[in-house]
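*Asks:* Right, I'll just put the structure down here and ask away after.
Please treat every number below as a calculation from the coordinates, not as lab data. Remember, predicted model here, so these are calculated numbers, not experimental data. Counting neighbours? That spans all protein chains shown, and the Cβs are built from the backbone with ideal geometry, glycine included.
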């Protein structure tokens, strides 16, 4: 892939979006689901750890939540819900974020990733600018992490068409676009906490 001479993408050009719109079925013993971002983790709501790591990397921040919006608003950032009904997954959150953000670029991370890299957005932005692509996503070794990504707002028509077709799989969408993947050495930084057992196991893991 050829490198571009485009100017660097500054932090102020990027809105961060924390995806907290899922059902969290694996987090509850009865399978009915719990709001993962609001679960207590190392003395705070899990989403607070994500906010603390992501906020310094972006110019502004939003939260995507389909339940408990007032609870999420208390963290001091705008809260947006999916425009698509039915808890349609991270792409629905991305769609809502692209519709609401006022910057050219939108970065997404999940609400259950309290170990996310502190240089995540800088490295994704650098790769996006250098390659002239529309999507930059994280990977570690042979494992892709498509929810940890930075996109140009120009992807919105493609995303709308993909969702309108009834498809929801995030990597099926983003691999159809000009894409660069950025390799991060620390696979543990992308741990998702999906169950109550993981919530307890990782509570005192180094961050």
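*Asks:* Which whole-number value in Å³ per residue fits the convex hull of the alpha carbons of region 58-166?
*Replies:* Numbers: hull volume 13.7 nm³, N = 109.
Spread over its residues, the Cα hull of region 58-166 gives 125 Å³ apiece.
*Asks:* A further question follows. Within the chain, what percent of beta bridges assigned by DSSP are antiparallel, to the nearest 5?
*Replies:* Working: 12 of 31 bridges.
Counting DSSP beta bridges with both partners in the chain, the antiparallel share is about 40 percent.
*Asks:* Over the Cα atoms of the chain, what is the Rg over Rh ratio if Rh follows Kirkwood? Walk me through the numbers before you get to the answer.
*Replies:* Working: Rg = 16.2 Å, Rh = 17.1 Å.
Radius of gyration over Kirkwood radius for the chain works out to 0.94.
*Asks:* Would you work out if region 114-207 is rounded, prolate or oblate? Take a ≥ b ≥ c from the square roots of the eigenvalues of the alpha-carbon gyration tensor; rounded if a/c is under 1.5, else prolate when a/b is larger than b/c, oblate otherwise. Kindly include the intermediate steps, with their values, before the conclusion.
*Replies:* Numbers: a/c = 2.69, a/b = 1.48, b/c = 1.82.
It comes out oblate by the Cα gyration axes.
*Asks:* Name the shape class, rounded, prolate or oblate, that the alpha-carbon gyration tensor gives for region 43-104, where a ≥ b ≥ c are the square roots of its eigenvalues, rounded holds for a/c under 1.5, and otherwise prolate holds if a/b is larger than b/c and oblate otherwise. Mind showing how you got there, number by number?
*Replies:* On the way: a/c = 1.93, a/b = 1.23, b/c = 1.56.
Oblate shape, in that a/c is at least 1.5 and b/c is the bigger or equal ratio.
*Asks:* Please arrange 179, 91 by counting, for each residue, the other beta carbons lying within 10 Å of its beta carbon, fewest first.
*Replies:* Numbers: 179 19, 91 24.
Result, fewest neighbours first: 179, 91.
*Asks:* Using alpha carbon centroids, what distance separates region 139-173 and region 53-82, in Å?
*Replies:* So the separation of the two Cα centres works out to 20 Å.
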